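Each remark here refers to the structure printed beneath this line.
The values are calculated or read from the model by the stated rules, or taken from the named source; none is laboratory data. Predicted model only: the values in this text are computed from it and were never measured. Note: ideal-geometry Cβ built from the backbone for every residue, glycine included; neighbour counts use all protein chains shown.
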Amino acid sequence: MNTASRTVLLFATAGLLMAQDPPTPPGGFGVVVQTVAITFSDGVMTGMDIYAPSAIAGPSGWPGVLVMHAGDGGTKNDGNVVTAANSLAAGGYVAYAFTDPGRPGSTQERELLDTAESHGLAQAAIAGTTIDPARLAVTGFSGGGKKSYAAAAWSGRALPLAGFVTDYPPVLAIVPQIAPLDHLDANVPGSVMVADHIVIDKPAAHPWLALVDANDFVGLRAQIDTPYNQTLLANLGTSTVPVLSMVAMQDFKIVNNPSVDELLSLPQGPKRLFLSTGSGHSTVNNTMETAVMNDLRRRWFDRYMKGIPNGVDLEPLVEAGMQPTSTALHLNPTTVWEHRTSTQWPPAIANTRWHFVGTQALQPLPPIAQNLTNVINHVVPAAYDIFDYVAQGAGLAPNNVTANIAPSQEVFVSLPLTEAIEILGRPQVKLTVDDTTGNFQLTAVLAHQDPAGAIHWITAGTSGVRVGVAGTHLMTIDLVDVAQIVPAGDRLLVRIQNLADINGPGSRRIRVVPYFDSTQTTLLVGPGVDNFLDLPQRPCTAALLPRLAHVSAAPGFAHHLDLHGGAQRAGQSYLLAFGVTGEAPGFLLDGVPVPMNFDAFTGLGLTILNTPILPNSAGVLDAAGNASTGFQLPGAIATILQGFRFTFTGIVFDAAGLTEVVGGPATLVIDP
């Protein structure tokens, strides 16, 4: 039976069984954790934690989810693993996680077999309940996310290495988080550079370091392009397993763009992309964003493992958490992030071109005068090479790098923005340069500067040229995919620098190994040799916050909601609407999509606007274009609505009374 036929059969089988799952109670099931020892087929032992609902399973058992730790040396006790496993068990799944067995000389084939065997080992080890072998899934973080992709790639297929099983058990869905997918482009970008994270722990005798030392990036790419990776991508191209990929925009270890492109190019099966923060790789954890990700993971599995028609498959392809307007807000774990959605990525937002002019200016018009003083010097001591770089801590010790290779940069700054903007997509910098050797690497950093002069990171990208021919060269630098709000009055800032020194919110790392050849690069600023930033920007759209919240019904609750319309909408009318049947497919109002399903509760809500239940739910936006509203219920009514999932949206009307913009969706779950 081929993979597609097997998947169809499994969905049909699951459809018969899912109705037999006990319904998840409001607030979720209690969770019971068992710790067991497991032994893989080669005799290697490790520990496994099994998280199960504290309730009797249906006749077929609970659906099972393998939760994979991040990379080599990861454990079942990793914080992300524990949080995800508890969330899944509370939602009616058996979640199981094992510690890296620490097998010397382990191969990717062996690690794939470990994950394949772990499903059966969990089924055999669990006590007091059962796991349904026909309803399995995988989620994981970083290296564990890569293993999630591998599970989808080999789902129902013969494994490259056999043990207790010869085929990977069919899986119904995966959720990789902060996981690289396109190994070649992520690790050896453009065949002319190497990502820091793949050399950082290599011994001096490792052949990869010798290839970097010889500037043989093509040879390095060939070594990384293993049959395992080739097969993984080929199998994913025909896999029908639904994939929800969650990416951290400020990932200081990997560049997301190749993995995002690879994910969205997969021709088979449902897929979603969620861009935000947290879960590892030095990214900032945020309370609400973490809750949204756990909620989305569980809803994804509910849809594809339990068949619950929750609409997650109808929601937009991409959802992004907008990076807050300052570094301090970004670092604060309690900051509530705005969200945006898109049906494609990068979104269909027209680029605004910002030109580099003179020595410091970033402006909408191209330069009319030539300036050749924008010079970047990359000076490397003769004795400093890749072996020194790695021995001194590589990218995780940026001060050691800059002590050998002095930072050199040119900075271009715009005038203050007259209105707030949002950046959503993949900024791009194009340069025309004159280089003295033809072997050079440049990083473009995009930031914004507030009126007090503080600089706030947005995103960055790196590109390299290695042709060995001095003279004029064209370079395109794709910055890492991003979603960012920049306030009015702030200035945009672009910094062109010689090192991939990624110094963002809360962390710093050299993300791409520098070139170890000295060179000098001049930005050719002037008529006919334009250097510019293409920025996917637009005026801020409306937002309704928070994106997700839970309230307790028993004492009653008062849930606060903020509608952000932006100063350009000051004085416009608005109203708050809600429903209980989800956010997709939604409906059109005056031709504007509303991300909420109109139902009986929506009609009821429209009759109680500006009552104690929906205070300040209709009115006029203030001078900043904002409104503070909410939803509140006494305990007697709230208790009746335990388990309900309310979807809110804020609708803003123009002067003619037509829908101008919609903020939301914002979700409220009523717990006991």
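A few remarks follow.
- Residue match in region 569-583 (condition: surrounded by fewer than 18 Cβ atoms within 10 Å (Cβ to Cβ) and modelled with pLDDT under 95): no
- Restricting attention to region 342-381 and to residues that are of a type in the set (Val, Ile, Thr) and either in contact with a strand residue (DSSP E or B) (Cβ under 8 Å, 6 or more places away or on another chain) or crowded, with 17+ Cβ neighbours inside 10 Å (or both), the residue that is nearest to Leu442 (Cα to Cα) turns out to be Ile376.
- Selection count, region 358-373, where residues are in a loop (DSSP other than H, G, I, E, B) and of a type in the set (A, V, I, L, M, F, W, C): 4
- In region 334-341, the count of residues that are part of a loop (DSSP other than H, G, I, E, B), at pLDDT below 95 and surrounded by fewer than 19 Cβ atoms within 10 Å (Cβ to Cβ) is zero.
- The set of residues in region 639-672 being surrounded by 21 or more Cβ atoms within 10 Å (Cβ to Cβ) and outside any strand (DSSP E or B) is empty.
- All of Gly190, Gly156 fail the test of being at positive phi, under 24 Å from the mean Cα position of the chain (by Cα), surrounded by fewer than 24 Cβ atoms within 10 Å (Cβ to Cβ) and touching a residue at least 60 places away in the same chain (Cβ under 8 Å), apart from Gly190.
- Strands (runs of 3 or more DSSP E) enclosed by region 42-160 - at least 1 residues per element that are modelled with pLDDT of 95 or more and hydroxyl-bearing (Ser, Thr, Tyr): 45-53, 94-98, 131-141
- Taking first residues from region 380-401 that are not assigned by TED's automatic domain parsing to the domain that holds Asp501 and partners that are outside any helix (DSSP H, G or I) and modelled with pLDDT under 95, no Cβ contact under 8 Å between residues at least 6 apart in sequence or on separate chains turns up.
- Subset of region 199-208 [closer than 13 Å to Ala394 by Cα and either of a type in the set (Phe, Trp, Tyr) or surrounded by fewer than 20 Cβ atoms within 10 Å (Cβ to Cβ) (or both)]: Ile200, Asp201, Lys202, Pro203, Ala204
- Looking only at region 598-638, and only at residues there that are among the β-branched types (Val, Ile, Thr) and part of a strand (DSSP E or B), the one that is nearest to the chain's Cα centre (by Cα): Thr629
- Region 209-219, residues that are at pLDDT 95 or above and buried (at least 18 other Cβ atoms within 10 Å of the Cβ): Leu209, Leu211, Val212
- Any hit, region 298-318, residues being over 25 Å from Ala90 (Cα atoms), in a loop (DSSP other than H, G, I, E, B) and at pLDDT 95 or above: yes
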